[in-house]
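Following: one structure in structure tokens, then a few remarks.
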Amino acid sequence: MALLRYESQVREPLVTGEKNYHQVTEDIVRPIETSPSRLWWIGFLISVALLLFGAYSVYREVTYGIGQWNLGKTIGWGWDITNFVWWVGIGHAGTLISAILLLFRQGWRTGVNRAAEAMTIFAVMCAGQFPIWHMGRVWMAFFVLPYPNSRGPLWVNFNSPLLWDVFAISTYFTVSLLFWYCGLIPDLATVRDRAKLKWRKFMYGLLSFGWTGSTKHWQRHEALSLVLAGLSTPLVLSVHTIVSFDFATSVIPGWHTTIFPPYFVAGAIFSGFAMVQTLLIITRKVLKLEDYITLEHIEVMNKVIVLTGSIVGVAYITELFISWYGQNPYEAAAFRNRWDLTTPYAWSYYLMMGCNVLAPQFFWFSKLRRNIVFTFFMSVIVNVGMWFERFVIIVTSIYRDYIPSSWSTYYAPSIFEVGFYLGTFGLFFTCYFLFSKFFPVIAVAEIKHILKKNGEGFKSNMGNIETQSTEAFVHEHSHDHGA
Amino acid sequence: MAVKKFVVGCFDDEAVLFPAVKNVRKAGYKMHDVYTPFPIHGLDHAMGLRDTSLHTAGFIYGITGTTTALSFISWVFTKDWELNIGGKPHFALPAWIPIMFELTVLFAAVGMVLTFCYLCQLAPFVKKHHFHPRATDDLFVMTIELTAKSNEVEIINFLNSVGAKEVHVQEAETGWWLGRYDNDSKPFDNMIREEHSATA
């Protein structure tokens, strides 16, 4: 008769504090039922102000044309596409957490997946603004769709990576939204059934689609989540691969490289996790959810950051090496425009290197990985660095083209270019503030699901399991399938 | 839909629920459903439910997406408008892989979610009977249908003996109806009231 040791020696509990199912509901749903704090209002109003400034910037651009931006002869893509790639990249962590970690049965994802998925949706919404408004004559934006038209019909070019982007981003947004909402339905039902106010009962009744918690429904819900995760996993990789094709399939020196797809995907996960850290460190504090988003969660995400940051570092160095080893004079020139300190944009290249490659290396130290203030600071640094990565790729590759007479004067954005970017911050945070007020920021049902195995409060009950015989344990747990 | 009578047993621990489900089935009572606040793995098998075919539906939606993309793009570029793109072949399959993939995922995801909502009858304004408000919080609610043959008192005692914390009898509409959760009027309540007034 073999004895079992049930409790892991390595892993920390995912939910701290002595919790039972009802307390989980209480803790997570409470912020929805109380009025928001002063801090929430301040943050929300700042976000709305930024959003309004962004709307004004877009209004200027639509009314007076792209000339409102400081794009030049060779710089057809500047801040706008930089921002587009940056926002799409941020979205990737949400899908990684919700889909890939679900397939890998990582129990810790349950504490952070809801907020991260919400972040994905809002980030993709922000990303979508840039290519749409960059069209200039935005009222013709529907031309990107393959619809029967009176011009032949002349179809869109299905061989173009820009059209692949249209399909990739819109599919990504739709699937992420469906995945997120399907997960929300049972939790919204929990809010509905607790609601005392008439309007709250009505609103959450509407949103929860009449969910009852029937076993058959849960069975289908689980199957749906698993297949959606399986679909989202290649989808998220395909999205940033296709975004990188926008550059990689061109013949512009500095863009025309085969390394782009994996390099972009790693960068996306890197910046996305940094944004998750930024948001969750604030959220856990403001909503008092430290028992659910623990130091353990922050530490594992920092491990992902140091891993992906290092992958990105390898990509930067490979790229630089190939520009010399490939002996293509144009490629070499494009890279000289980055590393040569006498060129006008060298500062952005070294800023990128410092923020993305060197800074994350601090996370090899577990003391720093578990330091919340340091993590917050680093999460901002990483996203600054990742913004500059896209800026370096886009602007330094095109500001000096083959004809020196058309070389731009120093490209700096206009106030409306910056305003548009700030406006998407407004959009993102307005959505996030509303989300954190009206939706459960942690997946209530999923936390309850892992509570007995990974909750601190249940450790004490483990004694009798440890002394159980293997046969008895197997008999009792033969229906468990992972976390 | 029909109004039926149920014995409702509430459990507060899934470790007690599992043997209770087994015993109820063994005793031959007609189990209507078990409502739980979170998915309990293995409960569907314990209740004798068959596996869902949602995966198969998803696969069919997925290949529909692939074939839609492939057939449409090839029709456009080889039949309808043979656009000459740098003298490259009209049937440029490798360049279509991204869109074929995206449509596969899109069709599978949207199709599966709609099928899920249809099968579970989920939609805004759909209202269903809830046997216990805490079924979405911390209680596992087992419902046993009372038929002409079954003995109400016996079932109540049985549920108490297998560890239910709370047992009571409810009449409930088994289907859904359109309504609002802030409004407690139920069509079958009115129906029953009308019947009562007719007999009185």
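The values are calculated or read from the model by the stated rules, or taken from the named source; none is laboratory data. From a predicted model like this one, the values you see are computed outputs, not experimental measurements. When we count neighbours, we look across all protein chains shown, and the Cβ atoms used for this are built from the backbone with ideal geometry, even at glycine.
Here is how the numbers come out for the structure above:
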read-out	value
Count - residues of the range A:130-148 that are at the interface with another protein chain (Cβ under 9 Å from one of its Cβ atoms) and closer than 23 Å to A:A93 by Cα	0
Hits in the range A:91-145 - residues which are outside any helix (DSSP H, G or I) and either free of Cβ contacts under 8 Å to residues at least 60 places away in the same chain or not hydrophobic (A, V, I, L, M, F, W, C) (or both)	A:F104, A:R105, A:Q106, A:G107, A:M135, A:G136, A:R137, A:L145
Residues of the range A:215-229 satisfying the condition of being touching a strand residue (DSSP E or B) at 6+ places or on another chain (Cβ under 9 Å) and surrounded by fewer than 20 Cβ atoms within 10 Å (Cβ to Cβ)	A:K216
A:T16 being surrounded by 20 or more Cβ atoms within 10 Å (Cβ to Cβ) and polar (S, T, N, Q)	no
Single condition A:S208 does not satisfy, out of (1) more than 7 Å from chain B (Cβ to nearest Cβ); (2) in contact (Cβ under 8 Å) with a residue 24 or more places away in the chain; (3) of a type in the set (G, A, S); (4) buried (at least 19 other Cβ atoms within 10 Å of the Cβ)	(2)
Single unsatisfied condition, A:A127 versus (1) in contact with a helix residue (DSSP H, G or I) (Cβ under 9 Å, 6 or more places away or on another chain); (2) within 8 Å of chain B (Cβ to nearest Cβ)	(2)
Residue under evaluation A:G91, criteria (1) closer than 15 Å to A:I269 by Cβ; (2) within 14 Å of another protein chain (Cβ to nearest Cβ), criterion not met	(2)
Extreme residue, nearest to the other protein chains (Cβ to nearest Cβ), among residues of the range B:35-50 that are among the small types (G, A, S) and surrounded by fewer than 18 Cβ atoms within 10 Å (Cβ to Cβ)	B:G42
Which listed residue, of B:F131, B:F116, B:F101, B:F107, is crowded, with 19+ Cβ neighbours inside 10 Å and in a loop (DSSP other than H, G, I, E, B)	B:F131
Identity of the residue in the range A:189-205, buried (at least 20 other Cβ atoms within 10 Å of the Cβ) and within 14 Å of B:F125 (Cα to Cα), that ends up farthest from the other protein chains (Cβ to nearest Cβ)	A:Y204
Residue among B:K165, B:K128 that alone is touching a Gly at 6+ places or on another chain (Cβ under 6 Å), within 14 Å of another protein chain (Cβ to nearest Cβ) and among the basic types (K, R)	B:K128
Out of B:T143, B:T136, sole residue that is within 25 Å of the chain's Cα centre (by Cα), facing another protein chain (nearest Cβ under 7 Å) and closer than 22 Å to B:F38 by Cβ	B:T136
Check on A:K216, closer than 26 Å to A:F435 by Cα and over 21 Å from the mean Cα position of the chain (by Cα)	no
Close pairs (8 angstrom Cβ cut-off, 6 or more residues apart or separate chains): under 12 Å from A:M386 (Cβ atoms) in the range A:352-363, of a type in the set (S, T, N, Q) and buried (at least 17 other Cβ atoms within 10 Å of the Cβ) anywhere	A:V357/A:S310; A:P360/A:S310
Positions within the range B:13-34 being assigned to a loop (DSSP other than H, G, I, E, B) and either surrounded by fewer than 20 Cβ atoms within 10 Å (Cβ to Cβ) or of a type in the set (S, T, N, Q) (or both), in sequence order	B:D13, B:G28, B:K30
Unmet criterion (only one of (1) free of Cβ contacts under 8 Å to residues at least 40 places away in the same chain; (2) in a strand (DSSP E or B)) for B:P39	(2)
Hits in the range A:408-423 - residues which are among the aliphatic types (A, V, I, L, M) and part of a helix (DSSP H, G or I)	A:I415, A:V418, A:L422
Considering residues of the range A:16-47 that are outside any helix (DSSP H, G or I) and closer than 14 Å to A:S436 by Cβ only, the residue farthest from the other protein chains (Cβ to nearest Cβ)	A:S37
Within the range A:48-90, considering residues that are outside any helix (DSSP H, G or I) and touching an Asp or Glu at 6+ places or on another chain (Cβ under 6 Å), the one surrounded by the most Cβ atoms within 10 Å (Cβ to Cβ)	A:W69
Where B:L49 falls short, out of the listed (1) modelled with pLDDT of 90 or more; (2) under 20 Å from the mean Cα position of the chain (by Cα); (3) of a type outside the set (S, T, Y)	(1)
Subset of the range B:51-95 (residues that are under 27 Å from A:V156 (Cα atoms), facing chain A (nearest Cβ under 8 Å) and outside any helix (DSSP H, G or I))	B:W81, B:L83, B:I85, B:K88, B:A92
Selected residue (only one of A:S232, A:S238 is at the interface with chain B (Cβ under 7 Å from one of its Cβ atoms) and either crowded, with 23+ Cβ neighbours inside 10 Å or farther than 16 Å from B:F38 by Cα (or both))	A:S238
Within the range A:149-184, considering residues that are among the aliphatic types (A, V, I, L, M) and more than 7 Å from every other protein chain (Cβ to nearest Cβ), the one nearest to B:P133 (Cα to Cα)	A:L184
Evaluation of A:V314 against (1) in contact (Cβ under 8 Å) with a residue 60 or more places away in the chain; (2) closer than 28 Å to A:I269 by Cβ; (3) surrounded by fewer than 18 Cβ atoms within 10 Å (Cβ to Cβ) (one fails), failing number	(1)
